[in-house]
Structure formats: C-alpha cells, structure tokens
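To start, the structure itself, in structure tokens.
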Amino acid sequence: MREKCGVVAAAAKADVSPYIYFSLNALQHRGQEAAGISVYDDEEEKIKCYKGLGLVNEAFREIDMNSIKGRRGIGHTYYSVKISSPYNAQPTLVHTSAGDIALAHNGIITNSGELKERLMKEGHNFSMGSEEESMAFLLSDYLKTKSFEKAVKSLMKDIEGSYALTIMFNNRVFGLRDPFGIKPLCMGKMDGGYVIASETVALDVLGAELVRDVRPGELVELTEDGYTSYQLVEEKNKAHCFFEYIYFARADSVIDGKDVYMTRKKIGEQLAVEHPADADMVVPVPDSGRAHAYGYSNRSGIPIAEGLMKNRYIGRTFIMPTQDLRQKYILLKTNPIRSIVRGKKIVLVDDSIVRGTTMRQMVDLLRSRGAKEVHVRIGSPPIVAPCYFGIDMTTREQLIAYGRDVEEIRKKIHADSLGYISIEGMVKSIGIDRNDLCLGCVTGEYPIKVRGEKQRFQEKLEKWE
Ligand code: SF4
C-alpha cells in the first residue's frame with residue numbers, strides 16, 4: 001500500500017526553493033517516484049517549474065537550489081505506477097489567459113473522467129490529460145469572471161473526491177483541503193514566512209511552528225507576513241483517512257491534533273486488551289509495526305525485542321519476474337535475528353495486512369529461524385474494500401480479508417493465532433468521532449459517492465450556493 005503524494009507551499013522574504021526542497025525530503029515517505037518545485041520568478045514575472053524522477057535528492061541532483069529564484073512556491077513528491085517521464089510529475093503548470101496556474105495535488109478526483117470529457121467539448125486541449133490539468137482549466141474558466149476564492153469555490157462544486165492541494169496563481173500561493181478533510185494539510189510559521197504541508201514533519205524540518213491544520217473546506221492564502229483564510233464550504237461531518245494514523249503518516253507527525261506515534265502506541269495497547277497472547281517476546285515488523293508493538297508490549301507486559309532487521313539501503317528495485325525471486329526479496333528487505341527468535345513464542349505486530357503475501361513470508365521466515373510459535377497482531381481492522389481516494393490499494397479480490405473470516409486468514413498466513421483490532425477499539429484509540437473518519441476500506445461504506453459502492457449517512461450542511 002502506498003500513499004499517492006505529499007504537497008508543500010511556501011511564501012517567504014527569502015527564496016523558497018531550499019525550504020521546499022527540505023520539506024519535500026521530510027515528506028519522502030508519501031511518494032518516491034518523482035518530485036517537483038514551482039516558483040514565481042519575480043524578474044521574469046512567470047511561474048517556473050523544475051521536476052525530476054526518483055527520490056527528492058535524485059530528482060534535483062542536477063539543479064542547484066540556490067539558483068532557483070522566487071519567494072513564493074509549491075512542491076510535490078509523487079507516487080504513481082504510471083509515471084515514465086518528469087513531464088508527468090507535479091506540480092502541473094498551465095499557462096492560461098487568466099494567468100499561470102500551478103497545482104500540486106494529494107488525492108484522487110473521482111469524477112475526473114466526466115470533467116475531462118466536458119472540458120474537451122468546451123474546447124480545452126489537454127497535453128497531459130491529468131486530473132490536475134482539468135482542475136487548472138476549470139479554475140482558469142472561472143477566473144475570467146470571478147475572484148480567486150470564488151473561482152475555487154466553483155471548482156469545488158465541480159470536483160468530487162479527495163484533495164489536499166497547494167496552488168499558485170501567478171505570484172499568489174494557496175493551500176486547499178477538500179470539504180471532508182480526507183487528506184491531511186497543515187500550516188506553519190517559520191522565520192520570515194509561512195508554509196503549508198501535508199504533514200507537520202515538513203514544518204519541523206524548517207524549524208517552523210505549527211499554526212494549525214488547514215480546515216476541511218478551507219482555502220488559505222500565504223504571504224511572507226501571514227495568511228488569509230476563506231472557509232468556502234462546510235460539511236456536517238468530516239472523513240479523515242484513519243490510515244494516516246495507522247500507517248501513511250510519519251510517526252513523528254501530528255495530524256488534526258493527534259500525535260501519530262502516541263495514537264499507534266494506544267492502538268497497540270488496545271490490541272493487547274482485545275487479543276492477548278501467551279508469548280515470550282513482542283517483535284515489531286520494522287518500521288510499520290514498531291509503535292503498535294511498543295504499545296502491545298507496554299500493556300501486556302511481554303518484553304519487546306527487535307527480532308527483525310530491516311535493510312534500509314535497498315532503494316527501488318526491479319520487478320521480480322519469478323516466484324522464487326519474489327520470495328528472496330523478503331530476505332533482502334528483512335532478516336530475523338536468530339538469537340532473539342530461536343525457541344521463542346513470538347507476537348509479531350504490524351499495522352495492516354493487504355494481500356497477506358508478505359505477512360505469510362514473514363511468519364515462515366521467523367519459523368525457519370527457530371521461532372516456536374508466531375502470533376500475529378494487526379493494528380487495523382481487516383481491509384475488505386478498496387480505497388478510491390488516493391491510496392494505491394488493490395481490488396477486492398486481491399485483499400486477503402475480502403470474503404474470509406479471521407480463522408481462514410490465519411491459516412493462509414501460517415500463523416498460530418491472529419488478532420485484528422476492532423473498528424471500535426481503533427476509533428477509540430485515534431480519539432476522533434467515528435462519524436468524522438473515513439473507514440471506507442474496512443466497512444465498504446464511503447464518505448463520498450462512488451459508483452457501485454455504498455455511501456455512508458453524509459448530508460451536506462451547506463448547499464454550496
Ligand atoms: S478508504 Fe481507507 S485508505 Fe482510503 S481514504 Fe478511506 S480510510 Fe483512507
């Protein structure tokens with residue numbers, strides 16, 4: 001499972017590209033395929049865009065950040081299986097009759113196909129065909145007759161789905177969060193300017209102080225001296241993605257007022273209450289299960305040990321052509337420490353199980369290194385449905401928990417016992433009302449209309465007039 005992207009925006013008294021570069025590095029976990037920075041060049045009076053493939057430091061290897069001039073800018077880290085050229089990376093820059101528009105997007109627009117069709121009929125020529133290009137065209141059309149904030153409100157009426165966006169319109173820079181706040185977005189104050197980013201870790205790296213989260217449905221304009229807020233839309237309930245707390249966000253981030261590490265630890269504690277185990281040792285799956293495992297150990301009194309060593313230096317690798325190589329890949333990534341696991345009854349803790357292949361390999365590996373028993377504990381409820389809002393999650397048929405009960409899954413992953421946290425226990429640990437979380441992939445009920453899927457209770461509070 002991979003998050004689709006991380007976004008940044010900055011306005012400062014100094015050139016912002018080094019700040020954006022640092023912040024993108026802090027958001028590297030949200031996308032490793034490409035990275036991009038757009039800045040407004042005051043001398044040339046236009047937005048310039050710099051993009052490259054790979055990790056942030058690879059993408060900008062050839063570019064001297066100090067040579068990029070501009071005191072307002074946005075940035076993006078990209079994950080997509082489709083990308084083959086930096087041209088398709090973000091920010092997406094479109095030169096329109098209304099002015100230059102650059103967009104960096106985290107999320108998915110679920111009605112993008114219909115919007116593209118409509119825009120093509122209206123005479124727009126797409127060069128990339130992306131949903132970000134559609135959003136830029138829609139904005140440019142509305143900007144012919146409206147102020148920027150009114151144009152954005154009109155855009156929000158057109159688009160459905162999840163979006164945490166950073167936007168440039170000529171030399172102005174903005175952050176925008178969808179009305180349900182599905183994706184995270186926060187704002188900070190740094191020395192000589194303001195910054196918006198997907199996660200607080202991108203503020204921390206700049207020494208910026210967290211001002212607050214961007215509110216669902218809010219547009220924020222940054223300047224070097226402050227910010228202006230436009231609450232464009234307000235929904236009765238929110239739909240924050242619970243998986244940010246379980247896995248996607250970095251553990252040292254704070255999202256919508258919740259400390260991610262502490263949340264994961266609480267989930268581990270709750271897991272120990274719901275699914276105790278007769279075992280000698282708690283072993284985290286590195287790094288995703290670590291905080292949950294500490295919580296489990298804390299509450300159960302079972303000592304924790306790093307029984308699995310992760311190879312941190314693999315980077316991206318080729319697609320494994322054979323089953324044998326795919327199996328060996330797990331050994332390349334993770335290796336058990338024999339002296340810790342041999343002869344022990346292990347509680348193996350991870351954040352989630354998607355297809356189950358990796359977990360089965362991990363259990364087999366621990367046994368092959370001498371573990372007596374392997375009891376698997378999982379910090380999210382079973383994933384039974386796909387995500388439509390920006391997570392690279394698979395179809396129902398490929399999800400191990402789809403159509404299977406826990407006992408059947410246990411057998412498939414070769415564990416001695418298996419326990420998933422309950423939805424209630426997880427919601428309690430996160431500390432956000434269940435009605436303000438997206439639980440689509442564990443309930444099959446989505447906060448936004450998705451064709452062929454159940455929609456949860458949502459009523460629009462504001463009629464978007
Ligand atoms: S469906 Fe699951 S992964 Fe997708 S946004 Fe909702 S909670 Fe997050």
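Some observations on this one:
- In summary, the aspartates and glutamates within cross-link reach of LYS328, defined as a Cα separation below 14 angstrom excluding same-chain residues under 8 places away, comprise ASP364.
- Considering helices alone, the calculated mean residue ellipticity of the chain at 222 nm is -7500 deg cm²/dmol, with DSSP H runs of length four and up weighted by -39500 (n - 2.57) and normalised per residue.
- For trypsin sites (Lys or Arg not before Pro), the sites in region 127-164 that DSSP calls loop and that have at most 16 other Cβ atoms within 10 Å are LYS144, LYS146.
- Region 255-429: C-alpha gyration tensor shape, a/c 1.5 cut-off, then a/b vs b/c: rounded
- Think of each Lys and Arg Cβ as +1 and each Asp and Glu Cβ as -1; about the Cα centre, that makes the dipole of region 5-234 roughly 300 debye.
- Set LYS265/LYS344; LYS238/LYS310; LYS69/LYS150 screened for pairs whose C-alpha atoms are more than 28 Å apart: LYS238/LYS310; LYS69/LYS150
- With R₀ fixed at 35 Å, the C-beta to C-beta distance from SER422 to ARG342 puts the FRET efficiency at about 0.60.
- Cross-link pairs exceeding 20 Å in C-alpha to C-alpha distance, out of LYS153/LYS258; LYS157/LYS236; LYS157/LYS449, comprise LYS153/LYS258.
- Computed from Cα positions, the angle between helix 357-368 and the longest principal axis of the chain comes to roughly 30 degrees.
- Under 5 Å between amide hydrogens, built in the peptide plane, is the criterion, and for ILE255 it picks out VAL260 among residues at least 5 positions away or on other chains.
- Span from the region 51-129 Cα centroid across to the region 143-190 one, whole angstrom: 15
- Gain on full stretching of the segment that runs from ASN311 to VAL205 - 0.36 nm per residue minus C-alpha separation: 35.7 nm
- Contact order relative to length of the chain, as percent, for alpha carbon pairs under 8 angstrom and 6 or more apart: 13
- Note that region 413-423 has calculated 3J(HN,Hα) couplings of 9, 6, 8, 6, 8, 9, x, 9, 5, 6, 4 Hz, one per residue in order, obtained from phi through the Karplus relation 6.51 cos²θ - 1.76 cosθ + 1.60 (θ = phi - 60°); glycine and proline are x.
- Estimated FRET transfer efficiency (LYS121, TYR87; beta-carbon r; R0 22 Å; 0.05): 0.30
- Amide H to amide H distances under 5 Å link ARG212 with MET187, where only residues 5 or more positions off or on other chains count and H is placed in the peptide plane.
- Using θ = phi - 60° and Karplus 6.51 cos²θ - 1.76 cosθ + 1.60, couplings along region 100-117 (whole Hz; Gly, Pro as x): 7, 10, 10, 10, 10, 10, 10, x, 9, 8, 6, 9, 5, x, 4, 5, 5, 4
- Signed unit charges on C-beta, dipole axis of the chain, positive-most listed residue THR358, SER134, ILE391: THR358
- Evaluated over the Cα positions of the chain, the convex hull gives a direction-averaged projected area, one quarter of its surface, of 22.0 nm².
- Length available on full extension from THR96 to MET190: 0.36 nm per residue minus the Cα-Cα distance, which gives 30.6 nm.
- Point-charge dipole on Cβ atoms (K/R +1, D/E -1) for region 255-429, about Cα centre, debye to 20: 600
- Cα→Cβ-extended label distance, 7 Å offset, between ARG355 and GLU453, nm: 2.0
- Taking 0.36 nm per residue of separation and subtracting the current Cα-Cα distance, fully stretching the chain between GLU445 and ARG172 would add 94.5 nm.
- Computed over region 5-234, the alpha-carbon pair-distance distribution with 10 angstrom bins reads 9, 37, 39, 14, 1, each value a whole percent.
- Ranked packing of 239-249, 56-66, most packed first, by mean Cβ within 10 Å: 239-249, 56-66
- When the Cα positions of LEU53, ALA371, THR145 are compared along the charge dipole of the chain, ALA371 comes out farthest toward the positive end, with charges on each C-beta of Lys, Arg, Asp and Glu.
- Dipole magnitude of the chain about its Cα centre (Cβ charges: Lys, Arg +1; Asp, Glu -1), debye to nearest 20: 1540
- Dipole of the chain, positive direction: furthest Cα of GLY343, SER380, GLY6, with charges on the beta-carbon: GLY343
- Taking all pairs of distinct alpha-carbon atoms in region 22-108, Kirkwood radius in angstrom: 13.2
- With R₀ fixed at 25 Å, the C-beta to C-beta distance from GLU407 to ILE330 puts the FRET efficiency at about 0.55.
Values quoted throughout were computed directly from the atomic coordinates according to the rules given, and no laboratory measurement underlies them. Keep in mind it's a predicted model, so treat the numbers as computed, not measured. Note: ideal-geometry Cβ built from the backbone for every residue, glycine included; neighbour counts use all protein chains shown.
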